[in-house]
Structure formats: structure tokens, C-alpha cells
Amino acid sequence: MALNAPLRRRAAARTVALDRSLERLPVFRLSDAADDGPLSYTTEAGGRWRVLPGPGDRLPGTFDQDVYVELMRRYQDAGQPADGAMRFTLHAFLRGMGRRVDGRTYEQLRAALGRLERTSFESSGAYVDAAGTPVDGSFSILSSLVIERRWRGYEREQLALFDSVIAAEPGDARVVLSPLVRQSLAARQTVSISLDRYMAMPSPVARRLYRLIEVARSDGCVTWRVALNELRQRLPLSQKYPSHLVRVLAPAHEMLVQGGVLREAAMRQEQREWFIDYVLELSRGRST
């Protein structure tokens, strides 16, 4: 699927810094058909990583990863407050994401923010902190979340007439970013993405793959070879067979090439294992 020309011309206009250690690890499900049970991953160094949904909840998904990126943008634009606290209206947040503002998206946003607070990440040497030390412990992206109803003047006057009122949207939110994440951002243990390029890609798989490729770029890679099964786990994707994975990845590769992130993506088999060879675009500001 091709990116339209106006969106491509705006690519790389704004950048957002993301926690490099967290970006290396799987966090968000990219398929609606995926199992909502715990997500597990073992790093090449033997670290273990688990993503555990809150009680009665599901794992963060495609909408949630866009909420996460918008949170990082707002934290950056706020000057990275030391206490990690950010305030915003749900209306303004959805506008910042480029989403339609209506009752359905308000509910989606409330649910996504709740998952980013309740979803627990268990690291046994998988997540590396700002000092370069592998972490053994649990944390979440948001350590605190409060959303309050925004009452209009005439609504306040009517409150006394009702015994109970359902707190519907819109609302004012106050969130606090995890100390581990903000310490990494403060120490510049980060990768940078173009927000406009990210939003120009309609595919959640392309958006996640873009962030993962920027991790490889931050490691000094010009070319990046990754085993197909390793990539499947790090994105993560629920498909397991190479032919199924190719059908999912091929459109994302096309978007990344057209968006100026990749020069080439080639899938190869060596003996019984499949690999993808990525050639990174050297000029990320390309707009043609």
C-alpha cells in the first residue's frame, strides 16, 4: 500500500524520543486474533521478558501503541518533567493522535491508558536501565493514572437533581510516566522516530517495524539481518509459518521503503532457517 505524496513530503518533520531498551522488547500485540494471555520473550543474552495483562483485561494492542507514542511526544514537549506527570484533555490527546473525536474513541483512549497503567512488565535481565544495568523486577509504562469528568457550567447546576451521575467523556487526565522509562529518556538512552512518518503509515505492523528498525540504526547498523522467527517474537506477530509472515510483512516493507526508512528488504532461506536482510535508508529525510 502506497503512502500518499503529501504525507511523504511531511515525513521527518518532527521527532519523538523513545526508550531504546523498551523498544527492543515486545509490548503491543499486532493482531486482533492473537492470544490475550501473557507474552513471553527471551533475549539473545538469555534475559527473560513477560508482558502480563491486568486482571480481566487484555494485552495492549494496536491502538495502545499509538497512545504510547503520543504520550512520549507529550512528555518530550513538556520538557521531560522530573516527576513524570502530564496533564491533558482526552479531546486534545485524540486530536494529537490524528484520530476522530467521538464517544467510541474516547472510550478507546480511556481503556488504552488504563492498560498502560495495569499491564505489568516482568524483566529478568531483559530490560536494561539508564545505567546499562539489566533489571530484575516489574514495572509498567504508567505508574499512575487519574481521569476526571469535565463538567460544563450548566451540568454542574444540574448535579443536585440526580442521585448518581455516570462519569462519561470527555475528561481531564493526569498520568505519571514510569521512573525507569523517564530515567532512560533523561540519560538519552533513546531512539528517535519521525512522528509524521510514523503516522503516515496506516499499518500497525509497519509502525512497529519502523520503531524496531530505528533501534538497529541506533546500534550503528547500515544493514540488519534478523532471523524471521526472532523478528516474529520481537514485533510480535501471531503468525508462525514463513508464508503467512511474508503476507503480513510484505505490505509493511513496501510502506517503509516508500517512506524513506528502508532501501530494501529481502527474505532468504539458509538451510532450514529464514532470515530478512534489511538495507537501511541512509538519508531519513528523503521526501521524494
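In a DSSP loop and with at most 15 other Cβ atoms within 10 Å, the trypsin sites (Lys or Arg not before Pro) in the range 46-127 are R100.
You can think of it this way: the chain between A78 and R104 has 6.6 nm of extra reach, that is 0.36 nm per residue less the Cα-Cα gap. Each Cα pair under 8 Å and six or more residues apart adds its sequence gap; the mean of these over the residue count of the range 5-279 is a relative contact order of 25 percent.
Label positions at A186 and E270, each projected 7 Å from the Cα along the C-beta direction, are separated by 4.3 nm. Full extension of the chain segment joining S124 with E44 gains 27.5 nm, where the gain is 0.36 nm per residue of separation less the Cα-Cα distance.
The per residue volume of the convex hull around the alpha-carbon atoms of the range 5-279 is 150 Å³. Per-residue packing, averaged as other Cβ atoms within 10 Å, sorts the ranges 226-236, 125-135 into the order 226-236, 125-135, beginning with the highest.
In plain terms, the bigger the Kirkwood radius, the slower the diffusion; for the range 88-137, with that radius from Cα pairs, at 20 °C and 1.002 mPa s, Stokes-Einstein puts D at 163 µm²/s.
Read-outs throughout are calculated quantities, based only on the coordinates presented, and are distinct from any laboratory measurement. The shown structure was predicted, so the numbers you read here are calculated from the model rather than taken from an experiment. Because the Cβ atoms are built from the backbone with ideal geometry, glycine has one as well, and the counts that use them run over all protein chains shown.
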